[in-house]
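Below: one structure, written as structure tokens.
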2 protein chains.
Amino acid sequence: MTSMSKNNTRELILVKGSEIIRKKGFNNTGIQEILQAADVPKGSFYFYFKSKDDFGLQLLDYYQELMFSMLDRHLDNKSLPPVDRLRSFFKEFLTFYEHNDFTGGCPLGNIAQEMSDLNEQFRLKLKNVFDQIKYKIGDTLKEAQTNDKISLPGDAYTIADFIINCWHGSLMRAKVMKNPQALNIFDTFIFTLLLNNKL
Amino acid sequence: MTSMSKNNTRELILVKGSEIIRKKGFNNTGIQEILQAADVPKGSFYFYFKSKDDFGLQLLDYYQELMFSMLDRHLDNKSLPPVDRLRSFFKEFLTFYEHNDFTGGCPLGNIAQEMSDLNEQFRLKLKNVFDQIKYKIGDTLKEAQTNDKISLPGDAYTIADFIINCWHGSLMRAKVMKNPQALNIFDTFIFTLLLNNKL
């Protein structure tokens, strides 16, 4: 992981590029557009990024850093039982998407869908990010099983995978519906039914 | 719905365009590329489609027709109990994706993710397609509840929505993983756990 505070121009390009790409897609966004939004010259872009693909790969690292930091903030909050921590993570996202009128979707999921058949480097990086998220969520479910004696309906890491996958499909549907229904259904089925959570 | 047999040029453009768009995305595919793949002149394209957006909207109708015909073929197969019919529908998809090395994803889900924030006509059409799929799956689950006395863990149409959403996220993940794991997890959690199916 890179330190985002080390240089502001690089981060500015990533932030502005991300805003456009999240709405329009990676292939549908030109470098020129990103430069204009960040108000930096072409030379700055090529100082930090070798090519548009290199920019995309570094953008995935940037998303990973944001995602892990949010995930860890919730999952390491030992003041809550493990399943409540996980649920609060998704609740924060639900609030975020509500404030954004259910636009944008998950930046990782969007690029995964767009690029996994087109660029093997993107695919392998995304595979690894989702695997890491699975391990973090799986560890939390394991803790629920061991400490809270929660009876899980299967292997903790397989349930973690199912949760990650359902979440991404629910986000896609929320983007289409432009209301919280799909995310509320996700919350009910995953937490009330599958994990029998009483939060 | 339009009859696909009425004219072959229109269908050829839709089929060839679909093949490219499924891999590269809608915005990332040019009309010229579709014309070349279909081996038809520009005039043919504009005879059937007013614009690229009009082509995209007619492509969604075409996908809807394919999807409903496959869905109905399984769900109307009264030789199987309702939940087995639904499961066989997803099994056919799993086999299809295996044969295609888990590339492409769901054409409707891909365009939903790409276009729902960019074009309101696309979004409303996709919202309607997913709603129709929900009603078809929900009706089948209702039948399972009424005829087979299957105890559902919630409202049939809400479960149908959850199934549709989980499926799309699982397809995205399978595209990243390039193996059937996410689709097998979907099958296990939805059918063995949620619907308690013994197929």
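The values are calculated or read from the model by the stated rules, or taken from the named source; none is laboratory data. Computed from a predicted structure; not experimentally measured. No Cβ is skipped: glycine too gets one built from the backbone with ideal geometry, and neighbour counts run over all protein chains shown. Note: accessible area is taken over every heavy atom of the protein model, side chains too, but ligands, DNA and RNA are not part of it. Shrake-Rupley method; radii C 1.70, N 1.55, O 1.52, S 1.80 Å.
Equivalent-ellipsoid semi-axes for segment A:145-189 (Cα gyration tensor, √(5λ), whole Å, largest first): 26, 11, 6. Note on B:GLU33 and B:TYR48: the model spin-label points, each 7 Å out from Cα along the C-beta direction, lie 1.9 nm apart. Among the cysteines of the protein assembly as shown, A:CYS106, B:CYS106 have no other cysteine beta carbon within less than 4.7 Å of their own.
To the nearest 20 Debye, how big is the dipole of segment B:77-199 about its Cα centre, given +1 on the beta carbon of each Lys and Arg and -1 on that of each Asp and Glu? Walk me through the numbers before you get to the answer.
On the way: 15 positive and 14 negative charges, 36 e Å.
I would put it at about 180 debye.
Other residues with beta-carbon under 12 Å from the beta-carbon of B:ASP84 carry, at +1 per Lys or Arg and -1 per Asp or Glu, a net charge of +3.
Counting only protein heavy atoms and a 1.4 Å probe, chain B has 43 square angstrom of accessible area per residue. Compute the distance from the alpha-carbon center of segment A:1-69 to that of segment A:136-164, in whole Å. Value for the Cα centre distance between the two parts: 35 Å. Once you have a ≥ b ≥ c as the square roots of the Cα gyration tensor eigenvalues for the protein assembly as shown, tell me rounded if a/c is under 1.5, and otherwise prolate or oblate according to whether a/b is larger than b/c. Since a/c reaches 1.5 but b/c is at least a/b, the shape of the protein assembly as shown is classed as oblate.
Ignore the peptide's own chain and count Cβ atoms of other chains within 10 Å of each Cβ in B:156-167; give me the average, rounded. Before the final figure, lay out each step's value.
Details: counts 0, 0, 5, 3, 0, 8, 11, 3, 6, 16, 13, 3.
Other-chain Cβ atoms within 10 Å of each residue's Cβ, averaged: 6.
Pairs over the 26 Å Cα-Cα cut-off, from the set A:LYS134/A:LYS198; B:LYS16/B:LYS125; A:LYS78/A:LYS178; A:LYS125/A:LYS178; B:LYS24/B:LYS136; A:LYS16/B:LYS134: A:LYS78/A:LYS178; A:LYS125/A:LYS178; B:LYS24/B:LYS136; A:LYS16/B:LYS134. With the largest listed first and rounded to whole Å, the semi-axes of the equivalent ellipsoid of chain A from the Cα gyration tensor are 33, 18, 15. When only Cα pairs below 8 angstrom with a gap of at least 6 residues are kept, chain B shows a relative contact order of 20 percent. One chain, two ends: B:LYS91 and B:ASN7. Fully extended at 0.36 nm per residue, the span grows by 27.0 nm beyond their Cα-Cα distance. The rotation axis taking chain B to chain A passes closest to the C-beta of one chain B residue; that residue and the distance in whole Å read B:GLY169, 1. Across the identical copies, the label point of B:TYR46 (7 Å from Cα in the Cβ direction) is separated from its matches by 3.7 nm, in order from shortest.
Give the calculated FRET efficiency between B:ASP61 and B:ASP148 to the nearest 0.05, with a Förster radius of 25 Å applied to their Cβ-Cβ distance. In this case the efficiency is close to 0.15.
Along the axis of the charge dipole computed for segment B:53-199 (Cβ charges of +1 for Lys and Arg, -1 for Asp and Glu, origin at the Cα centre), the listed residues B:HIS74, B:LEU171, B:GLN181 are led at the positive end by B:GLN181. Using the rule -39500 (n - 2.57) for each DSSP H run of four or more residues, divided by the residues of the protein assembly as shown, the 222 nm mean residue ellipticity is -23000 deg cm²/dmol. Interface size, chains B and A: roughly 4100 Å² of accessible area buried, both sides included, 1.4 Å probe, rounded to the nearest 100.
Between the Cα long axis of helix A:8-24 and the first principal axis of chain A there is an angle of about 70°, rounded to the nearest 10.
Backbone geometry of segment B:79-89 corresponds, through the Karplus equation with coefficients 6.51, -1.76 and 1.60 at θ = phi - 60°, to 3J(HN,Hα) couplings of 6, 10, x, x, 5, 5, 5, 5, 5, 5, 4 Hz, x marking Gly and Pro. By accessible area, using a 1.4 Å probe on protein heavy atoms only, the protein assembly as shown has 51% of its surface on carbon and sulfur. Give the angle, between 0 and 90 degrees and rounded to the nearest 10, that separates the Cα long axis of helix A:120-147 from the longest principal axis of the Cα atoms of chain A. Helix A:120-147 sits roughly 30 degrees off the main axis of chain A.
Would you kindly work out the equivalent ellipsoid of segment A:1-88 from its C-alpha gyration tensor and give its semi-axes, the square roots of five times the eigenvalues, largest first in whole Å?
Values: eigenvalues 195, 39, 20 Å².
Taking √(5λ) for each eigenvalue gives 31, 14, 10 Å, largest first.
Between copies, the label points at A:LYS78 (set 7 angstrom from Cα along Cα-to-Cβ) are spaced 6.3 nm, reported in nanometres from shortest to longest.
Counting charges near B:THR103 (Lys, Arg +1; Asp, Glu -1) among other residues having Cβ under 10 Å from its Cβ returns a value of +2.
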